[in-house]
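This report refers to the structure that appears directly beneath it.
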Amino acid sequence: MTDTPAGRDPTAQAPLCPTGGDSAPLVVTTRIDDLVNWSRENSIWYLLFATACCGIELMQTGGPRTDLDRFGAVFRSSPRQSDLLIVAGTITYKMADRVRLIYAQMAEPRYVMAMGSCANCGGLFQQSYSVVPGVDAIVPVDIYLPGCPPRPEALNEAILRVQDLMKSEHWASRRQGRGNP
Amino acid sequence: MNIIQHVANLLIRSVFHADPASWPWTWLVQAVVIGIAAFLAFAFVAIFAGPVSWIERRIAGRIQSRIGPNRVGPQGVLQWLADGVKCWLKEDLVPAAADRPLFLAAPYLVFTGMFGAFVVLPFGAQVVAADLNVGILYLLAITSLVVVGLLMAGWGSNSKWALFGGVRSAAQLVSYEVPSAFSLLCVVLLAGTLSTQGIVAAQGGWPWDWFIFRNPFMFAAFFLYFTAAIAEGNRTPFDLPEAESEIVAGYNIEYSGMRFLFFLFAEWANIWIMAAISAFAFLGGWQIPGIAPEQIAATKGWEFVGWQALSWTIFLVKATFLVFVVIQIRWTLPRLRVDQLMITCWKYLVPLSMLMVLGVLVLLALVPEGGGADTILRGAMVGLGLAVVLVSALRVRRTFRVDREHYREMEGRDLWYPPYRLP
Amino acid sequence: MVPAVPPPVRPNPVRAYFGNIRRAVSSTFEGMTVTMSWLFRRPSTIQYPDRTEKPVREMLPETYRGLLEVDLSRCTACLLCAKTCPLGCISIETCKHPDGAREFQTFDIDNGLCMFCGLCAEACNFDALAHTREFEASVSSAEQLTVRFVDRPGRLVAKAKDLPPRRPRGSILAALIPGFGRRRRRAAPPEPPASPAPAPAAGAEGPENPEGTA
Ligand code: SF4
Ligand code: SF4
């Protein structure tokens, strides 16, 4: 994808505005986008969806040491109420249908994060006859998080990046949604 | 005369220069004033439910050795606003196979059930929307309307988990109505009236005038009522209808966006309502120590308003304290099993609350109010209450001290980090 | 007939009943005092991106297996790491110049596939490939998961006899990826003054690659 050999394409990744972790902007501006994005990024309810070892790390991230609740991110157990689907773990072909179903059940706007190598590209089970090589083959993925498993702080950083993603969006365009795969 | 008529008459006299008794439009003005009062109560629920959810998350965080929301606004106080706006703008999904009218109406029914209870809550000396003479009955009836909404949500969602949740909540609410009604019956026996203001008026401002410290049976009845109320409000440890580990999210599993927000809202309002009922039925309500209600009613102008505000504040403080207790219970006790839930109700709470009614009746007959035996009984009960508070404070201190030593050895820091220090 | 097992001793139901009540009350009381005492304890949360005493990366042990990083000026393109890797995340290509020097074509590490097992770093004999303590690597497209270490043409393969010193760990990744470690840099305004830890982020302009030793 890059024409220069200089690692990742610098333009492919917009520079991140440094608000994710600081106390969020208090000034409610007149622009409705700002308000909407502000509310969205500060209330990321993620779905409890853990299929393998990464799930343990996902639970740990909600725990005391890396408290995701600080950013308003709490788990919901129903896909209808969650904003973010964190695919934490190996997805087998049998599970793939369920992942799609869960994604289809989520209400717009919805985001998907592929957590760990298995969700990114199949990971160490890539060669297996039964493992989906990357969850982006079945649902659209917004954020990829490498690691096997990623440590809780890495997941926290990925959540902050989801916040950055939300910040750059327009409410009206996102409202339409992306449809189901 | 309650405050609504008071305000309406004042308006009619000052704005329309008419005599409220004979003026033909009095009812209209009164209706408008009632509407405004209802709106204020609604705003109160909204404003109360938001910050309390933030406070609960902070308290839950500290109990679990973490922090809780602290990034949105100063120390996260705007967290509820972010959650609210987000939910409001989220897609409102209706499952294709759902029973559409039931599914759509259920949250509003639940909300109406919760909200209707506010009508008879005695907020202050004259601040009550409607002082019904069957106030307690009305409370019991209107809060059970919730079960219809939950069943509708469970049935209408066309999801087995939602159905389980709805059925569980129906079973639970219907069962726990019994002990809570019996416990409130003790209050009614002592007060001699079903009206909520009458119950408050039968108590006094000082703790020994409160119903909870009237006699040992009332003391027990308070805890029985509190337990039953927690169960009626579907709060942990009795939150079987939304047990994640068993039925995913229970009756609200298919709800998203605004409708889900209504369920959340109703849950928060319900905590407040049950704390308020406990506060006015057992803990003296808005009574100001040293001032009789008649003296308040006799005042005029700003003095009247001042006393009203003070009584309102006292009531709010008591109710908010009980809300904290509910929150702490939630983060202390694990969830019960379904059979344990039913056993707790039918084998323990129901007989015990019947016993309390009997006990209160016997004491009413044997111990005349205001006599020497009554004074001794009240003094002993206040002493018991103080002892409970003192013993629990000492236990907290002991638990803390043991771990403080270990913590200093391991971390080289002091464990002490009081709740008012916000990280 | 005498039963082989004596019938179980049934507890006195009345005692059991009141025992249950007593236990419920006392355990609730105990539990409430314990949770109450937690309100006065220091939370164990590490406020990750910005409100920590030092960056989380520096709290990790030296041997932490974070993102992989290769110092091309020390890499002899022996392909040991690529062959050791059970998943084949490392792809190395070189080409030969007419004068005998070899030049890197690619040195890619697929972070998305890597399981951070450390076998490749162990196999590297020249301390070129090593784990850093970096972990903040979420990206928004799958291609970006692959880190391409050959940042410009003309990176010559090192000779084993004559290797420059290893550049500080983390500095190569920081130089390669724009915005890398952004969360880390926002950390901690009150920098601990007497921190003996080497600051790898400052070493972005470390010893310049001497283009092999041709
Ligand atoms: S990426 Fe690694 S840790 Fe995560 S599920 Fe796969 S094998 Fe387990
Ligand atoms: S750490 Fe393991 S999986 Fe990752 S590149 Fe090295 S050998 Fe391969």
Could you tell me whether the range B:330-339 includes any residue that is assigned to a helix (DSSP H, G or I) and free of Cβ contacts under 8 Å to residues at least 12 places away in the same chain?
yes
Requested in this report: Considering every residue within the range B:353-362, establish whether at least one is in contact (Cβ under 8 Å) with a residue 24 or more places away in the chain, farther than 23 Å from B:Ile230 by Cβ and more than 30 Å from the chain's Cα centre (by Cα).
Outcome: no
Yes or no: the range A:68-84 includes at least one residue that is within 16 Å of ligand 1 (Cβ to nearest atom) and either farther than 14 Å from A:Val135 by Cα or more than 9 Å from every other protein chain (Cβ to nearest Cβ) (or both).
no
Given (1) farther than 21 Å from C:Phe135 by Cα; (2) within 16 Å of ligand 2 (Cβ to nearest atom); (3) within 7 Å of another protein chain (Cβ to nearest Cβ), A:Ser43 misses just (2)
If you go through A:Gly123, A:Gly134, the only one that is within 14 Å of ligand 1 (Cβ to nearest atom), small (Gly, Ala, Ser) and within 15 Å of the chain's Cα centre (by Cα) is A:Gly134
Problem - Test for B:Phe222: is it surrounded by fewer than 24 Cβ atoms within 10 Å (Cβ to Cβ) and either touching a Gly at 6+ places or on another chain (Cβ under 7 Å) or closer than 20 Å to B:Ser353 by Cα (or both) - result: yes
Among (1) within 11 Å of another protein chain (Cβ to nearest Cβ); (2) among the hydrophobic types (A, V, I, L, M, F, W, C); (3) within 16 Å of ligand 2 (Cβ to nearest atom), C:Leu39 falls short only on (3)
I'd like to know if the range C:97-107 contains one or more residues that are over 30 Å from B:Ile59 (Cβ atoms) and within 16 Å of ligand 2 (Cβ to nearest atom). yes
Okay, helices (runs of 4 or more DSSP H) sitting entirely in the range A:56-172 with 1 or more residues that are within 16 Å of ligand 2 (Cβ to nearest atom) and without any contact (Cβ under 8 Å) to a residue 40 or more places away in the chain, I get A:116-121, A:152-167
Tell me whether the range C:3-21 contains one or more residues that are aromatic (Phe, Trp, Tyr), without any contact (Cβ under 8 Å) to a residue 24 or more places away in the chain and under 30 Å from A:Pro150 (Cβ atoms).
no
Note on the range B:399-415: residues part of a helix (DSSP H, G or I) and surrounded by 12 or more Cβ atoms within 10 Å (Cβ to Cβ) are B:Thr399, B:Phe400, B:Asp403, B:Arg404, B:Tyr407, B:Arg408
Just one listed residue, out of C:Cys75, C:Cys114, is within 16 Å of ligand 1 (Cβ to nearest atom) and either touching a residue at least 60 places away in the same chain (Cβ under 8 Å) or within 14 Å of chain A (Cβ to nearest Cβ) (or both), and it is C:Cys114
In the range B:39-90, anything within 23 Å of B:Met274 (Cβ to Cβ) and either outside any helix (DSSP H, G or I) or among the hydroxyl-bearing types (Ser, Thr, Tyr) (or both) is listed as B:Ser53
Checking B:Val325, B:Val317, B:Val357, B:Val362 in turn, the sole residue that is assigned to a helix (DSSP H, G or I), closer than 22 Å to B:Trp272 by Cβ and more than 11 Å from chain C (Cβ to nearest Cβ) turns out to be B:Val317
Within the range C:140-164, residues in a loop (DSSP other than H, G, I, E, B), among the small types (Gly, Ala, Ser) and facing another protein chain (nearest Cβ under 7 Å) come out as C:Ser140, C:Ser141
Heads up, the helices (runs of 4 or more DSSP H) in the range B:229-307 (entirely inside) with at least 3 residues that are assigned by TED's automatic domain parsing to the domain that holds B:Ala105 and among the aromatic types (Phe, Trp, Tyr) are B:257-282
Within the range B:119-132, can one find any residue that is charged (D, E, K, R), touching a residue at least 24 places away in the same chain (Cβ under 8 Å) and assigned to a helix (DSSP H, G or I)?
no
Next on the checklist: Based on this model, can you work out whether C:Cys89 counts as closer than 30 Å to A:Tyr111 by Cβ, within 10 Å of ligand 2 (Cβ to nearest atom) and touching an Asp or Glu at 6+ places or on another chain (Cβ under 6 Å)?
Outcome noted: yes
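The values are calculated or read from the model by the stated rules, or taken from the named source; none is laboratory data. Everything quoted here is computed from the prediction, not taken from an experiment. Here the Cβ is made from the backbone with ideal geometry for all residues, glycine too, and neighbour counts use every protein chain on show.
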